[in-house]
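The values are calculated or read from the model by the stated rules, or taken from the named source; none is laboratory data. It should be emphasised that the depicted structure is a prediction, and the values quoted were computed from it without experimental measurement. Here the Cβ is made from the backbone with ideal geometry for all residues, glycine too, and neighbour counts use every protein chain on show.
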Amino acid sequence: MKNWPKFKLGELCKMNSGGTPRRGVDGYYNGDIPWAKISDIENACKGEVLKTEENITKEGLKSIGNKIFPIGTLLLAMYGSVGKTAFAGVELSTNQAILGIKVIDTSVLNPRYLKYWIDSIKDKLVYRAVGGTLQNISLGIVKELEIPLPPLPIQQQIADTLDKADALRRKDQELLDKYEELAQAVFYEMFGDISINSKNWNIVQIRSIAQEVKYGTSSPAADSGNYPYLRMNNISYTGELLLDDLKYISASEKEYEKYGTRYGDLLFNRTNSKDLVGKTTIVDIENPMIIAGYLIRVRLNDQANPWYVSTFMNSTHMKKVLRNKCKSIIGMANINAQELQDFDIPLPPKELQDLFADKLTFIKEQQSLVKKTQSKSSAYFNQCLNNYFV
(Lines give C-alpha, C1' and ligand atoms only; values in the text may rest on other atoms or scores of the structure.)
Protein backbone atom coordinates (compact mmCIF):
# COMPACT_ATOMS: atom_id res chain seq x y z
CA MET A 1 0.00 0.00 0.00
CA LYS A 2 1.18 3.55 -0.68
CA ASN A 3 2.71 5.54 2.11
CA TRP A 4 -0.55 7.13 3.24
CA PRO A 5 -0.56 9.12 6.49
CA LYS A 6 -1.55 7.13 9.57
CA PHE A 7 -3.90 8.12 12.37
CA LYS A 8 -4.76 6.50 15.68
CA LEU A 9 -8.22 4.95 15.75
CA GLY A 10 -8.91 6.78 19.00
CA GLU A 11 -8.68 10.06 17.06
CA LEU A 12 -11.13 8.96 14.38
CA CYS A 13 -13.69 6.87 16.27
CA LYS A 14 -15.74 6.74 19.44
CA MET A 15 -15.46 3.39 21.21
CA ASN A 16 -16.87 1.62 24.21
CA SER A 17 -17.72 -1.93 25.18
CA GLY A 18 -21.03 -3.31 26.37
CA GLY A 19 -21.98 -5.13 29.53
CA THR A 20 -23.86 -8.12 30.87
CA PRO A 21 -27.00 -7.69 32.99
CA ARG A 22 -26.85 -9.88 36.06
CA ARG A 23 -28.10 -13.39 35.34
CA GLY A 24 -30.99 -14.58 37.44
CA VAL A 25 -32.48 -11.15 38.00
CA ASP A 26 -36.16 -11.08 37.08
CA GLY A 27 -36.94 -8.51 34.41
CA TYR A 28 -33.46 -8.21 32.83
CA TYR A 29 -33.78 -10.77 30.01
CA ASN A 30 -36.34 -11.85 27.37
CA GLY A 31 -37.14 -8.27 26.42
CA ASP A 32 -37.14 -6.64 22.98
CA ILE A 33 -33.65 -5.09 22.93
CA PRO A 34 -31.13 -7.16 20.92
CA TRP A 35 -28.07 -8.04 23.03
CA ALA A 36 -25.09 -9.30 21.03
CA LYS A 37 -22.43 -11.78 22.10
CA ILE A 38 -19.37 -13.15 20.27
CA SER A 39 -21.47 -15.95 18.78
CA ASP A 40 -23.76 -13.36 17.18
CA ILE A 41 -20.76 -11.81 15.42
CA GLU A 42 -19.68 -15.28 14.27
CA ASN A 43 -23.19 -15.92 12.91
CA ALA A 44 -23.64 -12.48 11.35
CA CYS A 45 -25.58 -12.43 8.07
CA LYS A 46 -23.55 -10.82 5.26
CA GLY A 47 -21.37 -9.03 7.78
CA GLU A 48 -24.28 -7.59 9.79
CA VAL A 49 -25.81 -8.61 13.11
CA LEU A 50 -29.53 -8.44 12.34
CA LYS A 51 -30.80 -10.52 15.25
CA THR A 52 -29.31 -11.87 18.45
CA GLU A 53 -29.71 -15.11 20.32
CA GLU A 54 -30.73 -13.22 23.47
CA ASN A 55 -32.67 -10.01 24.09
CA ILE A 56 -32.72 -7.85 27.20
CA THR A 57 -35.28 -5.47 28.70
CA LYS A 58 -35.08 -1.73 29.34
CA GLU A 59 -34.31 -2.56 32.97
CA GLY A 60 -31.50 -4.88 31.86
CA LEU A 61 -30.11 -2.18 29.60
CA LYS A 62 -30.25 0.36 32.42
CA SER A 63 -28.29 -2.03 34.66
CA ILE A 64 -25.33 -1.87 32.24
CA GLY A 65 -25.35 1.90 31.87
CA ASN A 66 -27.73 2.10 28.89
CA LYS A 67 -24.95 0.95 26.56
CA ILE A 68 -26.68 0.89 23.19
CA PHE A 69 -25.11 1.02 19.73
CA PRO A 70 -26.80 2.56 16.67
CA ILE A 71 -27.13 0.89 13.28
CA GLY A 72 -23.82 0.97 11.45
CA THR A 73 -21.62 0.60 14.53
CA LEU A 74 -18.68 -1.70 13.85
CA LEU A 75 -18.61 -4.51 16.41
CA LEU A 76 -15.18 -5.92 17.27
CA ALA A 77 -14.62 -9.10 19.30
CA MET A 78 -12.13 -8.41 22.08
CA TYR A 79 -12.29 -11.76 23.90
CA GLY A 80 -11.92 -15.32 22.63
CA SER A 81 -12.47 -14.80 18.89
CA VAL A 82 -10.22 -11.75 18.92
CA GLY A 83 -10.46 -9.54 15.83
CA LYS A 84 -13.73 -10.79 14.34
CA THR A 85 -15.96 -7.98 13.11
CA ALA A 86 -19.51 -7.27 11.96
CA PHE A 87 -21.71 -4.21 11.64
CA ALA A 88 -24.76 -3.63 13.79
CA GLY A 89 -27.63 -4.08 11.35
CA VAL A 90 -30.12 -3.03 14.04
CA GLU A 91 -29.84 -0.88 17.14
CA LEU A 92 -28.46 -3.21 19.79
CA SER A 93 -26.54 -3.64 23.00
CA THR A 94 -23.63 -6.05 23.56
CA ASN A 95 -21.79 -7.83 26.31
CA GLN A 96 -18.38 -6.66 27.55
CA ALA A 97 -16.53 -8.94 25.13
CA ILE A 98 -17.53 -6.71 22.20
CA LEU A 99 -16.25 -3.24 21.42
CA GLY A 100 -18.56 -0.87 19.56
CA ILE A 101 -16.66 1.42 17.16
CA LYS A 102 -18.43 4.44 15.64
CA VAL A 103 -16.65 6.59 13.05
CA ILE A 104 -16.80 10.24 14.12
CA ASP A 105 -16.67 11.73 10.62
CA THR A 106 -17.51 9.50 7.64
CA SER A 107 -16.17 12.17 5.28
CA VAL A 108 -12.74 11.32 6.69
CA LEU A 109 -12.98 7.57 7.33
CA ASN A 110 -15.21 5.13 5.45
CA PRO A 111 -16.64 2.56 7.92
CA ARG A 112 -16.38 -0.30 5.40
CA TYR A 113 -12.75 0.58 4.73
CA LEU A 114 -12.20 0.52 8.49
CA LYS A 115 -13.75 -2.95 8.78
CA TYR A 116 -11.61 -4.42 6.03
CA TRP A 117 -8.48 -2.85 7.47
CA ILE A 118 -9.22 -4.43 10.86
CA ASP A 119 -9.85 -7.74 9.08
CA SER A 120 -6.40 -7.42 7.53
CA ILE A 121 -4.67 -7.02 10.91
CA LYS A 122 -6.59 -9.77 12.73
CA ASP A 123 -3.46 -11.89 13.16
CA LYS A 124 -1.64 -8.92 14.69
CA LEU A 125 -4.50 -8.39 17.14
CA VAL A 126 -4.42 -12.06 18.12
CA TYR A 127 -0.66 -11.78 18.63
CA ARG A 128 -1.14 -8.81 20.96
CA ALA A 129 -3.89 -10.54 22.93
CA VAL A 130 -3.10 -11.43 26.51
CA GLY A 131 -4.42 -14.16 28.78
CA GLY A 132 -4.29 -17.93 28.74
CA THR A 133 -7.55 -19.73 28.08
CA LEU A 134 -9.53 -16.61 27.21
CA GLN A 135 -7.29 -14.30 25.22
CA ASN A 136 -8.33 -10.67 24.99
CA ILE A 137 -7.32 -7.25 23.79
CA SER A 138 -8.09 -4.00 25.58
CA LEU A 139 -9.83 -0.80 24.57
CA GLY A 140 -6.49 0.95 25.00
CA ILE A 141 -4.82 -1.30 22.42
CA VAL A 142 -7.54 -0.63 19.85
CA LYS A 143 -7.43 3.15 20.40
CA GLU A 144 -3.69 3.17 19.74
CA LEU A 145 -3.91 1.23 16.47
CA GLU A 146 -2.71 3.33 13.53
CA ILE A 147 -4.73 3.09 10.33
CA PRO A 148 -3.38 4.26 6.95
CA LEU A 149 -5.75 6.90 5.61
CA PRO A 150 -5.85 7.48 1.85
CA PRO A 151 -8.25 10.08 0.40
CA LEU A 152 -11.91 9.16 0.84
CA PRO A 153 -12.52 8.26 -2.88
CA ILE A 154 -9.68 5.71 -2.66
CA GLN A 155 -11.09 4.30 0.58
CA GLN A 156 -14.43 3.93 -1.21
CA GLN A 157 -12.79 2.19 -4.17
CA ILE A 158 -10.93 -0.24 -1.90
CA ALA A 159 -14.11 -1.02 0.06
CA ASP A 160 -16.13 -1.57 -3.14
CA THR A 161 -13.53 -3.99 -4.54
CA LEU A 162 -13.34 -5.93 -1.29
CA ASP A 163 -17.15 -6.01 -1.09
CA LYS A 164 -17.20 -7.84 -4.42
CA ALA A 165 -14.49 -10.28 -3.35
CA ASP A 166 -16.27 -10.83 -0.05
CA ALA A 167 -19.58 -11.51 -1.82
CA LEU A 168 -18.04 -14.52 -3.58
CA ARG A 169 -17.05 -16.24 -0.36
CA ARG A 170 -20.33 -15.27 1.31
CA LYS A 171 -22.31 -17.08 -1.42
CA ASP A 172 -20.39 -20.23 -0.56
CA GLN A 173 -21.06 -19.68 3.15
CA GLU A 174 -24.77 -19.16 2.50
CA LEU A 175 -24.90 -22.52 0.72
CA LEU A 176 -23.08 -24.16 3.63
CA ASP A 177 -25.62 -22.60 5.99
CA LYS A 178 -28.46 -24.06 3.92
CA TYR A 179 -26.96 -27.52 4.30
CA GLU A 180 -26.67 -26.90 8.06
CA GLU A 181 -30.36 -25.98 8.17
CA LEU A 182 -31.13 -29.17 6.26
CA ALA A 183 -29.20 -31.21 8.83
CA GLN A 184 -31.22 -29.63 11.65
CA ALA A 185 -34.47 -30.29 9.77
CA VAL A 186 -33.58 -33.97 9.32
CA PHE A 187 -32.72 -34.20 13.02
CA TYR A 188 -36.09 -32.67 13.99
CA GLU A 189 -38.00 -34.91 11.57
CA MET A 190 -36.40 -38.07 12.96
CA PHE A 191 -36.21 -37.25 16.68
CA GLY A 192 -38.87 -34.59 17.25
CA ASP A 193 -38.63 -31.57 19.52
CA ILE A 194 -35.87 -32.58 21.91
CA SER A 195 -36.56 -29.64 24.22
CA ILE A 196 -39.75 -31.41 25.33
CA ASN A 197 -38.81 -34.93 24.18
CA SER A 198 -41.90 -34.94 21.97
CA LYS A 199 -41.33 -38.55 20.84
CA ASN A 200 -40.86 -39.83 24.39
CA TRP A 201 -37.42 -41.34 23.95
CA ASN A 202 -35.74 -42.92 26.94
CA ILE A 203 -33.79 -40.26 28.87
CA VAL A 204 -30.30 -41.15 30.12
CA GLN A 205 -27.34 -39.27 31.54
CA ILE A 206 -24.36 -38.73 29.25
CA ARG A 207 -22.22 -40.81 31.62
CA SER A 208 -24.28 -43.88 30.73
CA ILE A 209 -23.31 -43.65 27.04
CA ALA A 210 -19.68 -42.62 27.65
CA GLN A 211 -16.94 -45.21 27.58
CA GLU A 212 -14.34 -42.64 28.67
CA VAL A 213 -14.28 -38.93 29.58
CA LYS A 214 -10.91 -37.17 29.76
CA TYR A 215 -9.46 -33.65 29.94
CA GLY A 216 -6.70 -32.56 27.56
CA THR A 217 -3.18 -31.52 28.47
CA SER A 218 -2.16 -28.14 29.86
CA SER A 219 1.14 -28.13 27.95
CA PRO A 220 1.66 -25.01 25.80
CA ALA A 221 1.08 -24.98 22.06
CA ALA A 222 3.92 -24.41 19.62
CA ASP A 223 4.47 -23.82 15.91
CA SER A 224 6.06 -27.25 15.49
CA GLY A 225 5.85 -30.70 17.07
CA ASN A 226 4.95 -34.29 16.28
CA TYR A 227 1.20 -33.92 16.91
CA PRO A 228 -1.38 -31.31 15.83
CA TYR A 229 -2.74 -29.57 18.95
CA LEU A 230 -6.49 -28.95 19.06
CA ARG A 231 -7.69 -25.91 21.01
CA MET A 232 -11.07 -24.26 21.54
CA ASN A 233 -10.74 -22.17 18.36
CA ASN A 234 -10.53 -25.41 16.35
CA ILE A 235 -14.23 -25.97 17.11
CA SER A 236 -16.73 -23.73 15.34
CA TYR A 237 -19.86 -22.45 17.06
CA THR A 238 -21.94 -24.81 14.91
CA GLY A 239 -19.74 -27.83 15.71
CA GLU A 240 -17.30 -28.10 12.83
CA LEU A 241 -13.75 -29.31 13.35
CA LEU A 242 -11.56 -26.48 12.00
CA LEU A 243 -8.04 -27.41 10.94
CA ASP A 244 -6.93 -24.27 9.10
CA ASP A 245 -5.27 -22.67 12.16
CA LEU A 246 -3.40 -25.52 13.79
CA LYS A 247 -0.74 -25.36 16.46
CA TYR A 248 1.46 -28.33 17.37
CA ILE A 249 2.85 -30.11 20.41
CA SER A 250 5.68 -32.53 21.07
CA ALA A 251 4.44 -35.54 23.02
CA SER A 252 5.39 -39.14 23.79
CA GLU A 253 3.31 -42.17 22.86
CA LYS A 254 2.24 -42.45 26.50
CA GLU A 255 1.04 -38.82 26.44
CA TYR A 256 -0.79 -39.46 23.20
CA GLU A 257 -2.63 -42.40 24.77
CA LYS A 258 -3.74 -40.09 27.57
CA TYR A 259 -4.57 -36.93 25.62
CA GLY A 260 -4.85 -38.05 22.01
CA THR A 261 -7.82 -38.40 19.68
CA ARG A 262 -9.32 -41.27 17.75
CA TYR A 263 -11.80 -41.21 14.91
CA GLY A 264 -15.29 -40.70 16.37
CA ASP A 265 -14.23 -38.94 19.58
CA LEU A 266 -16.40 -36.06 20.75
CA LEU A 267 -14.59 -32.89 21.83
CA PHE A 268 -16.40 -30.53 24.21
CA ASN A 269 -15.25 -26.96 24.90
CA ARG A 270 -15.63 -26.59 28.67
CA THR A 271 -14.60 -22.97 29.35
CA ASN A 272 -14.73 -19.49 27.82
CA SER A 273 -17.60 -17.01 27.66
CA LYS A 274 -21.04 -18.53 28.35
CA ASP A 275 -22.11 -18.47 24.73
CA LEU A 276 -19.03 -20.47 23.64
CA VAL A 277 -19.00 -23.09 26.41
CA GLY A 278 -20.36 -26.36 25.05
CA LYS A 279 -19.15 -26.14 21.47
CA THR A 280 -18.93 -29.81 20.49
CA THR A 281 -17.36 -31.47 17.48
CA ILE A 282 -16.50 -34.92 16.18
CA VAL A 283 -13.00 -35.99 15.29
CA ASP A 284 -13.84 -37.09 11.76
CA ILE A 285 -10.30 -37.70 10.50
CA GLU A 286 -7.94 -40.57 11.26
CA ASN A 287 -4.89 -38.39 11.89
CA PRO A 288 -3.76 -38.59 15.53
CA MET A 289 -4.02 -35.28 17.38
CA ILE A 290 -3.75 -34.09 20.99
CA ILE A 291 -6.26 -31.87 22.78
CA ALA A 292 -5.70 -28.89 25.07
CA GLY A 293 -6.78 -28.86 28.70
CA TYR A 294 -9.86 -26.71 28.20
CA LEU A 295 -11.37 -29.41 25.98
CA ILE A 296 -13.02 -32.60 27.22
CA ARG A 297 -12.72 -35.77 25.14
CA VAL A 298 -15.72 -38.13 25.24
CA ARG A 299 -15.51 -41.64 23.81
CA LEU A 300 -18.93 -43.17 23.46
CA ASN A 301 -19.93 -46.76 24.06
CA ASP A 302 -21.97 -48.83 21.61
CA GLN A 303 -25.31 -47.37 22.75
CA ALA A 304 -24.78 -44.02 21.03
CA ASN A 305 -23.72 -42.71 17.64
CA PRO A 306 -21.33 -39.73 17.87
CA TRP A 307 -23.07 -37.86 15.03
CA TYR A 308 -26.38 -38.01 16.90
CA VAL A 309 -24.82 -36.93 20.21
CA SER A 310 -22.84 -34.09 18.63
CA THR A 311 -25.93 -32.74 16.85
CA PHE A 312 -27.85 -32.89 20.12
CA MET A 313 -25.08 -31.07 22.00
CA ASN A 314 -24.98 -28.29 19.38
CA SER A 315 -28.75 -27.82 19.31
CA THR A 316 -30.27 -24.50 20.35
CA HIS A 317 -31.99 -26.27 23.24
CA MET A 318 -28.78 -27.74 24.63
CA LYS A 319 -26.85 -24.50 24.23
CA LYS A 320 -29.41 -22.80 26.47
CA VAL A 321 -29.19 -25.63 29.02
CA LEU A 322 -25.40 -25.44 29.07
CA ARG A 323 -25.38 -21.66 29.38
CA ASN A 324 -27.75 -21.77 32.33
CA LYS A 325 -25.68 -24.45 34.09
CA CYS A 326 -22.34 -22.68 33.68
CA LYS A 327 -20.58 -21.52 36.80
CA SER A 328 -17.95 -18.79 36.91
CA ILE A 329 -14.33 -19.66 37.68
CA ILE A 330 -11.84 -16.78 37.70
CA GLY A 331 -14.23 -14.70 35.63
CA MET A 332 -14.86 -17.39 32.99
CA ALA A 333 -17.81 -19.68 32.49
CA ASN A 334 -17.05 -23.33 33.05
CA ILE A 335 -18.56 -26.81 32.94
CA ASN A 336 -16.35 -29.61 34.24
CA ALA A 337 -16.22 -33.25 33.17
CA GLN A 338 -18.42 -34.49 36.00
CA GLU A 339 -21.08 -31.87 35.28
CA LEU A 340 -20.99 -32.75 31.59
CA GLN A 341 -21.71 -36.39 32.41
CA ASP A 342 -24.69 -35.37 34.56
CA PHE A 343 -26.61 -33.88 31.63
CA ASP A 344 -29.65 -35.72 30.29
CA ILE A 345 -29.94 -36.82 26.68
CA PRO A 346 -32.83 -38.51 24.85
CA LEU A 347 -31.64 -41.90 23.59
CA PRO A 348 -33.50 -43.16 20.50
CA PRO A 349 -32.80 -46.71 19.26
CA LYS A 350 -29.24 -47.08 18.01
CA GLU A 351 -30.50 -48.13 14.58
CA LEU A 352 -32.31 -44.80 14.22
CA GLN A 353 -29.24 -42.89 15.36
CA ASP A 354 -27.16 -44.74 12.76
CA LEU A 355 -29.69 -43.93 10.04
CA PHE A 356 -29.45 -40.24 10.98
CA ALA A 357 -25.65 -40.48 10.83
CA ASP A 358 -25.89 -41.90 7.28
CA LYS A 359 -28.09 -39.00 6.18
CA LEU A 360 -25.86 -36.49 7.92
CA THR A 361 -22.77 -37.99 6.29
CA PHE A 362 -24.31 -37.38 2.86
CA ILE A 363 -25.02 -33.75 3.80
CA LYS A 364 -21.46 -33.36 5.08
CA GLU A 365 -20.12 -34.72 1.79
CA GLN A 366 -22.04 -32.05 -0.09
CA GLN A 367 -20.73 -29.42 2.30
CA SER A 368 -17.21 -30.67 1.68
CA LEU A 369 -17.62 -29.99 -2.04
CA VAL A 370 -18.79 -26.45 -1.32
CA LYS A 371 -15.86 -25.92 1.05
CA LYS A 372 -13.42 -26.58 -1.76
CA THR A 373 -14.98 -23.72 -3.72
CA GLN A 374 -15.08 -21.60 -0.56
CA SER A 375 -11.38 -22.21 -0.04
CA LYS A 376 -10.66 -20.64 -3.41
CA SER A 377 -12.98 -17.67 -2.86
CA SER A 378 -11.51 -17.07 0.61
CA ALA A 379 -7.98 -17.22 -0.81
CA TYR A 380 -8.96 -14.63 -3.42
CA PHE A 381 -10.46 -12.36 -0.76
CA ASN A 382 -7.34 -12.64 1.40
CA GLN A 383 -5.16 -11.88 -1.62
CA CYS A 384 -7.17 -8.70 -2.20
CA LEU A 385 -6.76 -7.73 1.45
CA ASN A 386 -3.01 -8.24 1.20
CA ASN A 387 -2.80 -6.24 -2.00
CA TYR A 388 -4.32 -3.23 -0.30
CA PHE A 389 -3.11 -3.43 3.27
CA VAL A 390 0.20 -5.31 3.42
Taking segment 309-345 as the search range and keeping residues that are surrounded by fewer than 19 Cβ atoms within 10 Å (Cβ to Cβ) and part of a strand (DSSP E or B), which one is farthest from the chain's Cα centre (by Cα)?
344
If you take the residues in segment 95-115 that are crowded, with 18+ Cβ neighbours inside 10 Å and either in contact with a Phe, Trp or Tyr (Cβ under 6 Å, 6 or more places away or on another chain) or charged (D, E, K, R) (or both), which one is nearest to residue 294 (Cα to Cα)?
97
With the requirement that a residue be in a helix (DSSP H, G or I) and either under 15 Å from residue 312 (Cα atoms) or modelled with pLDDT of 95 or more (or both), what does segment 346-361 give you?
350, 351, 352, 353, 354, 355, 356, 357, 358, 359, 360
Among the listed residues 59, 54, 48, identify the single one that is in contact with a Gly (Cβ under 9 Å, 6 or more places away or on another chain), farther than 16 Å from residue 111 by Cβ, of a type in the set (Asp, Glu) and without any contact (Cβ under 8 Å) to a residue 60 or more places away in the chain.
59
Qualifying positions in segment 311-362 - acidic (Asp, Glu) and in contact (Cβ under 8 Å) with a residue 24 or more places away in the chain:
342, 344, 354
Complete set of residues in segment 206-240 that are in a strand (DSSP E or B) and surrounded by 14 or more Cβ atoms within 10 Å (Cβ to Cβ)
210, 213, 214, 215, 217, 227, 228, 229, 230, 235
Index of the failed condition, residue 166 passing every other in (1) touching a residue at least 60 places away in the same chain (Cβ under 8 Å); (2) closer than 19 Å to residue 387 by Cα; (3) assigned by TED's automatic domain parsing to the domain that holds residue 47:
(3)
Any hit, segment 87-104, residues being closer than 18 Å to residue 232 by Cα and either over 21 Å from the mean Cα position of the chain (by Cα) or not aromatic (Phe, Trp, Tyr) (or both)
yes
Every residue in segment 62-77 that is β-branched (Val, Ile, Thr) and either crowded, with 17+ Cβ neighbours inside 10 Å or touching a Leu at 6+ places or on another chain (Cβ under 7 Å) (or both), please.
64, 68, 73
Of the listed residues (118, 141), the one being within 30 Å of residue 16 (Cα to Cα), surrounded by 14 or more Cβ atoms within 10 Å (Cβ to Cβ) and without any contact (Cβ under 8 Å) to a residue 40 or more places away in the chain is 141
One residue is enough: does segment 229-250 have a residue meeting the conditions of a type in the set (A, V, I, L, M, F, W, C), out of contact with any helix residue (DSSP H, G or I) (no Cβ under 8 Å at 6 or more places or on another chain) and closer than 24 Å to residue 365 by Cβ?
yes
Within segment 101-122, can one find any residue that is in a helix (DSSP H, G or I), modelled with pLDDT under 90 and within 23 Å of residue 170 (Cβ to Cβ)?
yes
Only one of (1) among the hydroxyl-bearing types (Ser, Thr, Tyr); (2) modelled with pLDDT of 90 or more; (3) more than 30 Å from residue 161 (Cβ to Cβ) does not apply to residue 380, and that is (3)
Going by the structure shown, is residue 172 within 30 Å of residue 7 (Cα to Cα), in a helix (DSSP H, G or I) and modelled with pLDDT under 95?
no
Which residue is nearest to residue 272 (Cα to Cα), if the candidates are limited to segment 34-46 and must be out of contact with any Phe, Trp or Tyr (no Cβ under 9 Å at 6 or more places or on another chain) and surrounded by 17 or more Cβ atoms within 10 Å (Cβ to Cβ)?
37
